[in-house]
Structure formats: C-alpha cells, structure tokens
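Chemist: Before I ask anything, let me first share the structure, which is written out below as structure tokens.
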Amino acid sequence: MAKKNPKISRALAKNIRRNFVERLIEIALMLSGLIAVLITFGIVFILVTESLPFFEAVSLKEFLTSTVWTPNFEKKNYGILPLVSGTLTITGIALIVAVPLGTITAVYLSEFASHKIRETIKPVLELLVGVPTVVFGYFALLLVTPILQKIYPDLPTFNMLGPGIVMGVMIVPYIASVAEDAMRAVPMSMREGAYAMGATRFQTAVSVVMPAATSGIVAAYILAVSRGIGETMIVAIAAGQQPNFTFNPVESAATITAYIVSVALGDLEHGGIGYQSIFAAGIVLFIMTLSLNILGQWTRKKFTERY
Amino acid sequence: MALLLNFVIVFVKKLNGNPRNKIIMARKEILKAESKNFNFHYADGTHALKDINIPLYEKKITALIGPSGCGKSTFLRSFNRMHDLYAGNKYDGEIILHPDDTNILDKKVDPIEVRMRISMVFQKPNPFPKSIYENVAYGLRVRGEHNKRLLDDKVEEALKGASLWNEVKDRLQDLAYNLSGGQQQRLCIARALATDPEIMLFDEPTSALDPIATVNIEELMSELKKKLTILIVTHNMQQAARISDYTAYMYLGEMIEFDETDIIFTKPSKKATEDYITGKFG
Ligand SMILES: Nc1ncnc2c1ncn2[C@@H]1O[C@H](COP(=O)(O)OP(=O)(O)OP(=O)(O)O)[C@@H](O)[C@H]1O
Ligand SMILES: [Mg+2]
C-alpha cells in the first residue's frame, strides 16, 4: 500500500534558489529572442503604414503592371517592373558566375584539398567577404566594364553585365562556405561506402557527397540569391540608376535597392508621393526575400539529410 | 596454377610442425588471400597490427575475434586499401591475392582495382542517398556500365543474392532510406554483390541489427560462401562459431591463434584464446 502524502525528504525537495535562477535565465533568453521578433514586426509595420499614402495616390494595378518608373519626371509614373527586371537580371548574371564557381570551390575544398591547402584558401575567401561592397562597385565601373568594352565596344559605361559579374565574384565565398560546410557534414562512412565500391574521388564527390548534402547546397544558393537581390552599392555605382524595363544585360538599369538608396540620399523631397514610393519598393523587396526564406525552409524540409 | 602449388608447398613447409595444420591441408583448401608479416601504423603512431599472418581460404568464412581495439577492423580494412583514404597511415608486409599472386598493398597496384574485386560491408548500414535500384547499380555505374538491360539483370540478381528482392521488387525507385535497418544492410550487401567480388569483407555487419535481421544476414552469408570468400569481424562469439570455418583470435594488435573454428572453440591451443572464448576475459 502506498502511503498518502508521503513526506519528501529534504534532500529531494525542490531547490527554490536553483529554480528561481533557472527561471530568470529563461526569461532573459526569451526577452532577447522577443527583441528580434519585435524589430521584424516593427519593420513590416512601418513599411506598410508608410506606403499606404503611396497606394492611395497610385493604384496597385499601375504599380504592378506599368513598365515605366519615373518619379523624377514631370509626368510621374510608378510601375515597379523596371526595378524588378533590373534586380532580377543583375542577380541572374551574378548567379551564373557564382553558382558554378562557388560549387566547384566547395567541392574542391571539401573533397580534394589537403588540410594545408584548405587552411590557406579559406581565410583568403573570408577576406573577400570582408571587402566593402563600395569597393566592388568601383571595381565594376572602373575595371570590369572597361575590359568588357574592349570585347564589346557598344557596351555603355553603365550596364548590368559588369556589376552582375562583380556581384557574382562577391557571392562566390558565401556559396563556397555554406556548401562546403554542408558537404563536410556528410559522414565519412558514406564516402567510404562509395570508395569501397571502387568509385574515384570525383565520382564519390559528385554522385554521393553532393546528393547527400543537397539541402545545404540549395540553402547556399538561396542565400546567394538573397544576397544578390539585397545588394545595393555595386549596382548603384555601376549599373546607371536608370529604371529601364529590360532583361538585356548590356543596357543600363536600376534595381529596387539602388532606387531606394538614391531617394534616401535626397533626390526627392521628403513627404511626397515620390518619397513614399521607397516604402512601396521596400515592400516588394521584403516580399521577394521573404519568399526566398520560405523556399529555403521548404527545401530544408524536403531534403533533410538522413544519413 | 604452378605458382599456387608452389605456394602450398611453402605453406606446408612453414607449418609442418603443427599437426593440426596438416589436417587443414589434407582437406585441400585453396588459398584465396593471405597476409604476410603485415604491420600497420596509424598516422598518430599507434602500432595497430604487428606481424599478422592470416590466410583466407577460398569459399570459406574466416572470422576475426578479439577484444575491442585489438585491430580487427584495421586488419579487415587493409584488404581493400581503405586506409589509403587517410593521410599518414603506414603499413608494410604483404597481402597476397590469389590466384594472381599479387601483393595488393604494392604501391603499383591501383586501389580502385583492388576494391573492384574485394568489396566491403560496413558495421552501420550506409546506403547512398539514392533509390534502391541506383544503390545496387552504383558499383556498375562507376565502372562505366550504361546498358539498361544488363543493369536491370544485375540489380535483380544482386537483390536476389541478398534475399531482398521479394521485399523491394515493387519499389525499386524508392529512396533507400525508407527501408528498415536490416533491409538497408541487405541492400548494402546487394550493392557489394552486384559487381561480382571475389572476396567480401564484413565489419560487424549485424551489430546494429535486431536478432531476426541478424539471423537473416547470417543465413545469407552461409549462402554467399558458395560463391565467394568471406572475412568477417564479429564481437558475437556464437556468431563466429555458427557461421565461420576458420577463426583468428587477435589481441593488442597481434594474431594470437588461427585455426579451424571448431578447434578454436573446443580445444584452442593457447590459454589466452581459451580465456577469451570462455568469457574469463574480454
Ligand atoms: N584513425 C585512427 N587513428 C589512430 N588510431 C586508431 C585509429 N583507428 C583505430 N585506432 C587504434 O588502433 C587500434 C585498433 O583499432 P581497431 O578499430 O582496428 O580495433 P577493433 O578490433 O576493430 O575494435 P572494435 O572491436 O572496438 O571495433 C586501437 O587501439 C585504436 O585505438
Ligand atoms: Mg572494429
């Protein structure tokens, strides 16, 4: 028979002090997490409320379908498409450069390079991450575009190709580092299995390690797209700040970020519709990166590594 | 053939002091491979194997037993040059593969060629992140085989050989991870079988499996030895006694005793072996 209300010995009784400290720590941790959430909501809130006046003056239909963006002109027109096309084209060029280079670098570092080589190359790549983007911008304008003009003389000084390529170079270390981490996390037993079947190093890397690391590699690409879409300085400096509805890389163009920064730096008077337009553009940017995040989450779920 | 005969004579001469070895020879076992004065050092200097001499007889199962850390895995993995994957490992001595009479440790021997003839099944099932079909076809694909008919046939044959065919024939395109642990291990055996190896290495193949899956794999091995030579590491004394024909007892990097399994388990000649088998130690 179990006794009712058994007496709990002192040694087993709840330690009030320890419980209290635990509780305090928990609250502190929760508060710091909450700050991040609050800031995010604050940003969304400001974006929405600030762009409301804009959407009172400009219809959503015009904003989404018009192919002309001329806030500075006599006849103002607010169609976001030229900024979106500029953003997508430059990001696309950057990816064409960065995805192969970044992936190959990652495969080399993770599967081929000796310990010594890896420890030499990685810091150099990290150095590239540390270069201020304004330097990349002038690099595009003053070095890459002139070189491209030698090959293709009709290329204007401000174009999407040069900054796109430079942005690609800038993104390589991001892809390389995230993808390399993903591949290195593939357990050795998986590689040994492939080698034991008589696979070469390259076959092992491509047919076993990469598929096993799919979710991490895709995450690297998604990070790269976000980085490209959000990049401001390179484009603002070298692409011309000319809203232009085109996907042609040899034309000049502006991106969403380049437009926002030009307005924020004072091209337009505060308070007017033109000024409010940067919040509308900001929402578009926010939605683009948010969908990328969601896509990232989804691929992560879909391709979770099950070694 | 002449070389083989020559070797048998040398072997007899070498061991003629021990009457038991004469019994072995009397049964006319064919030597498939053997290690000769094999020494192994890991990169950190660990002398993991000391002068190991162990023969593998054709179409027989040889078991390696001994306490944890005695070097069983190290020895097994030497047979398909797994150690070459890690820088700094050093080995000397020979592992001769017959009937070629080739020292597979020779620097001039291509490890990939060795692995094509000597395949391996690991302790933990390690299927690739691919379909069941592609897992089994992998070894043929890396050899450049593209013929769909041939691949289909080989995959079916290997899956049958690993007694997995009936369970998976309707879902060959499923991801291999959807199989149970025991099925995954049989898939790994099928994968290794698909390339028609001469020797199969098993490193504690059932230690991650439940008793029923274990029995399946043990029966499978007895079936496989009709076709090929098997070297298995096991911690399970009953398993070694049940399935193997020869047993080597290892301790601290040395081979203490090698003999027919029946003899090792009934009247071993070394006290150390007896102590280990009877559980007095280890
Ligand atoms: N990568 C390594 N580097 C250095 N020493 C190692 C390495 N792997 C194993 N060893 C050492 O070599 C010796 C033999 O190890 P091995 O894995 O062959 O033992 P084992 O008999 O298979 O043991 P177990 O039954 O636990 O699997 C041990 O002393 C071990 O610590
Ligand atoms: Mg082991």
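The values are calculated or read from the model by the stated rules, or taken from the named source; none is laboratory data. For clarity, every value in this text was computed on a predicted model and none was experimentally measured. Every residue, glycine as well, gets a Cβ built from its backbone with ideal geometry; the counts of neighbours run over all protein chains shown. These accessible areas exclude ligands, DNA and RNA; they are computed on the full protein's heavy atoms, side chains included. Shrake-Rupley method; radii C 1.70, N 1.55, O 1.52, S 1.80 Å.
Chemist: Once you have the Cα-Cα distance between residue A:29 and residue A:60, take 0.36 nm times their residue separation minus that, and quote the gain in nm to one decimal.
Modeler: Extending this stretch completely gives an extra 7.0 nm.
Chemist: Okay, next question. Only bridges whose two residues both fall in chain B count here: according to DSSP, what percent of them are antiparallel, nearest 5?
Modeler: Here the antiparallel bridges make up roughly 60 percent for chain B.
Chemist: For chain A, build the convex hull from the C-alpha positions and give me its volume per residue in Å³.
Modeler: About 264 Å³ per residue, rounded to a whole number.
Chemist: Right, next: Could you work out the equivalent-ellipsoid semi-axes for the protein assembly as shown, taking the square root of 5 times each eigenvalue of the Cα gyration tensor, largest first, in whole Å?
Modeler: The equivalent ellipsoid of the protein assembly as shown has semi-axes of 64, 32, 22 Å.
Chemist: Once you've got the GNM for chain A with C-alpha springs shorter than 10 Å, pick whichever of A:25, A:147, A:294 has the biggest mean-square fluctuation.
Modeler: Judging by the Gaussian network model, the answer is A:25.
Chemist: Using only protein heavy atoms and a 1.4 angstrom probe, determine the accessible area buried between B and A, summed over both sides, in Å² to the nearest 100.
Modeler: The contact between A and B buries close to 1900 Å².
Chemist: In addition: Using 0.36 nm per residue of separation minus the Cα-Cα distance, give me the extension gain between residue B:278 and residue B:145 in nm, one decimal.
Modeler: 42.9 nm
Chemist: Sort A:115, B:83 by heavy-atom solvent-accessible area, probe 1.4 angstrom, most to least.
Modeler: Sorted descending by solvent-accessible area, the residues read A:115, B:83.
Chemist: Once the piece of chain linking residue A:242 and residue A:202 is laid out straight, how much longer is it, given 0.36 nm per residue of separation minus the C-alpha distance between them?
Modeler: Going from the current span to full extension adds 9.9 nm.
Chemist: Still on this model: Mind checking the angle between helix B:211-224 and chain B's longest principal axis? C-alpha axes, 0 to 90 degrees, to the nearest 10.
Modeler: 80
Chemist: Once the Cα atoms of the stretch B:93-198 are picked out, what are the Rg and Dmax in Å?
Modeler: Spelled out, the Cα radius of gyration and Dmax of the stretch B:93-198 are 15.0, 48 Å.
Chemist: I've got another one for you. Heavy atoms of the protein only, probe of 1.4 Å, neighbouring chains included. What is the accessible area of residue A:16 in Å², nearest 10?
Modeler: 130
Chemist: Now, a different point. Whole number please: convex hull volume per residue, Cα atoms of the stretch A:212-280, in Å³.
Modeler: Taking the convex hull of the Cα positions in the stretch A:212-280, it is 117 Å³ per residue.
Chemist: Please report the antiparallel percentage of the DSSP beta bridges confined to the protein assembly as shown, to the nearest 5.
Modeler: Within the protein assembly as shown, antiparallel bridges account for around 55 percent of the total.
Chemist: Could I ask something else about it? In degrees from 0 to 90, rounded to the nearest 10, what is the angle of the helix B:181-193 Cα long axis to the longest principal axis of chain B?
Modeler: Result, in degrees: 80.
Chemist: May I ask for the Rg/Rh ratio of the stretch A:1-158, computed from Cα atoms with Rh as the Kirkwood radius, given to two decimals?
Modeler: 1.25
Chemist: By a straight-distance test (C-alpha under 16 Å), which lysines pair with residue B:32 as possible cross-link partners, with residues fewer than eight away in the same chain excluded?
Modeler: B:59, B:60, B:225, B:226, B:227
Chemist: Excluding residues on the same chain fewer than 8 positions from residue B:280, give the lysines whose Cα lies under 16 Å from its Cα.
Modeler: Of all the lysines, those that pass the test against residue B:280 - Cα under 16 Å, at least 8 places apart if same chain - are B:267, B:270, B:271.
Chemist: Let me ask another. Mind checking which helices in chain A clear 18 Å along their axis (Cα) and have mean Kyte-Doolittle hydropathy of 1.0 or more, DSSP H runs only?
Modeler: A:16-57, A:81-107, A:161-184, A:214-230
Chemist: Here's a follow-up. Output the 0 to 90 degree angle, nearest 10, between the alpha-carbon long axis of helix B:148-161 and the longest principal axis computed from the alpha carbons of chain B.
Modeler: Between helix and principal axis, roughly 50 degrees.
Chemist: Right, next: Describe numerically, in nm with one decimal, the distance between label points set 7 Å from Cα along Cα→Cβ at residue A:22 and at residue A:76.
Modeler: Reported label-point gap for residue A:22 and residue A:76 is 6.0 nm.
Chemist: Taking a quarter of the surface of the convex hull around the Cα atoms of chain B, what do you get in nm²?
Modeler: 15.5
Chemist: Pick out which of B:256, B:199, B:189 has the largest mean-square fluctuation in a Gaussian network model of chain B, springs linking Cα atoms closer than 10 Å.
Modeler: B:256
Chemist: If the cut-off is a Cα-Cα distance under 28 Å, which lysines reach residue A:75, setting aside same-chain residues fewer than 8 apart in sequence?
Modeler: A:61
Chemist: Still on this structure, I have one more. Can you pull the three principal axis extents for the Cα set of the stretch A:6-57, in Å, largest first?
Modeler: Between the extreme Cα coordinates on each principal axis of the stretch A:6-57 lie 74, 20, 8 Å.
Chemist: At 1.4 Å probe size, with the rest of the protein present, what percent of the exposed accessible area of the stretch A:81-306 is carbon and sulfur atoms?
Modeler: 69
Chemist: Set the Förster distance to 45 Å, then compute FRET efficiency between residue A:52 and residue A:118 from the Cβ-Cβ distance, nearest 0.05.
Modeler: That gives a FRET efficiency of 0.30.
Chemist: Next question, about the same structure. Where does the longest stretch of chain B lie that holds no chymotrypsin sites (Phe, Trp or Tyr not before Pro) found in a DSSP loop with 12 or fewer other Cβ atoms within 10 Å?
Modeler: Result, exposed sites excluded: B:87-280.
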